[in-house]
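These notes are about the structure you will find just below.
The values are calculated or read from the model by the stated rules, or taken from the named source; none is laboratory data. Just so it is clear, the structure is predicted and the values come from calculations on it, not from any experiment. Every residue, glycine among them, receives a Cβ derived from its backbone with ideal geometry; neighbour counts consider all protein chains shown. Protein only, heavy atoms only, side chains kept; ligands, DNA and RNA dropped before computing areas. Shrake-Rupley method; radii C 1.70, N 1.55, O 1.52, S 1.80 Å.
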Amino acid sequence: FTALQVQGSQHIETKHRFKLNQCRKLLEQFHHLDEEGVGFVTKDNFSARFEVLCGPELAEAFFGAFTVDKQVTAFTFANFLQGMRVLMLGTVRDKAAFCFRIAD
C-alpha cells in the first residue's frame, strides 16, 4: 500500500467505523472487483464475478444494493464501503433494509 492509501484508510476508519486492517482488506477486495483500475466497479464486471456464484438475477440485485439509483451502472469505493459497513457493522435493522434492497 502507498502512504496515500494508508492515510485514506485511516480517514475511512474514522468515518465508517472500520479498523485499519479492515480498511486495507476492503480496499484489496475493491481492487479485485475494479479489474481495470479506474476507481469504480461496473455492473458488467461485478456481474461477471458473481453470476457464477448466485446467478444473473441475484448478482444484478446485489449490485443494485451498492448503488442508490437503479439506473447507475457502476459504484465507487465509497459506495462499496457504505454497503460493507451495513453488512459488517450494521444493526439488524440496517442489514434487513440492505437485504430488502437486494430482494426489491
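So that you can scan it fast, the table gives a plain yes or no per residue for (1) in contact with an Asp or Glu (Cβ under 9 Å, 6 or more places away or on another chain); (2) at pLDDT below 85; (3) open to solvent by 80 Å² or more (accessible area, probe 1.4 Å):
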| site | (1), (2), (3) |
| --- | --- |
| 12 | no, yes, no |
| 33 | no, no, no |
| 39 | no, no, no |
| 47 | yes, no, no |
| 64 | yes, yes, no |
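In the stretch 88-104, which residues are open to solvent by 40 Å² or more (accessible area, probe 1.4 Å) and under 16 Å from residue 59 (Cβ atoms)?
99, 101, 103, 104
In the stretch 17-31, what residues are of a type in the set (A, V, I, L, M, F, W, C) and surrounded by 15 or more Cβ atoms within 10 Å (Cβ to Cβ)?
Listed by number, the residues that qualify are 18, 23, 26, 27, 30.
Can you confirm whether residue 82 is open to solvent by 60 Å² or more (accessible area, probe 1.4 Å), polar (S, T, N, Q) and not in a helix (DSSP H, G or I)?
No: the conditions fail for residue 82.
Pairs only if they're at least six apart or on different chains, beta carbon under 7 angstrom, first in the stretch 86-104 and without any contact (Cβ under 8 Å) to a residue 40 or more places away in the chain, second part of a helix (DSSP H, G or I) and exposed (fewer than 14 other Cβ atoms within 10 Å of the Cβ); list them, first residue then second.
Correct list of pairs: 86/94; 95/87; 98/87.
Could you please let me know if residue 93 is in contact with a Lys or Arg (Cβ under 8 Å, 6 or more places away or on another chain), of a type in the set (Lys, Arg) and part of a helix (DSSP H, G or I)?
no
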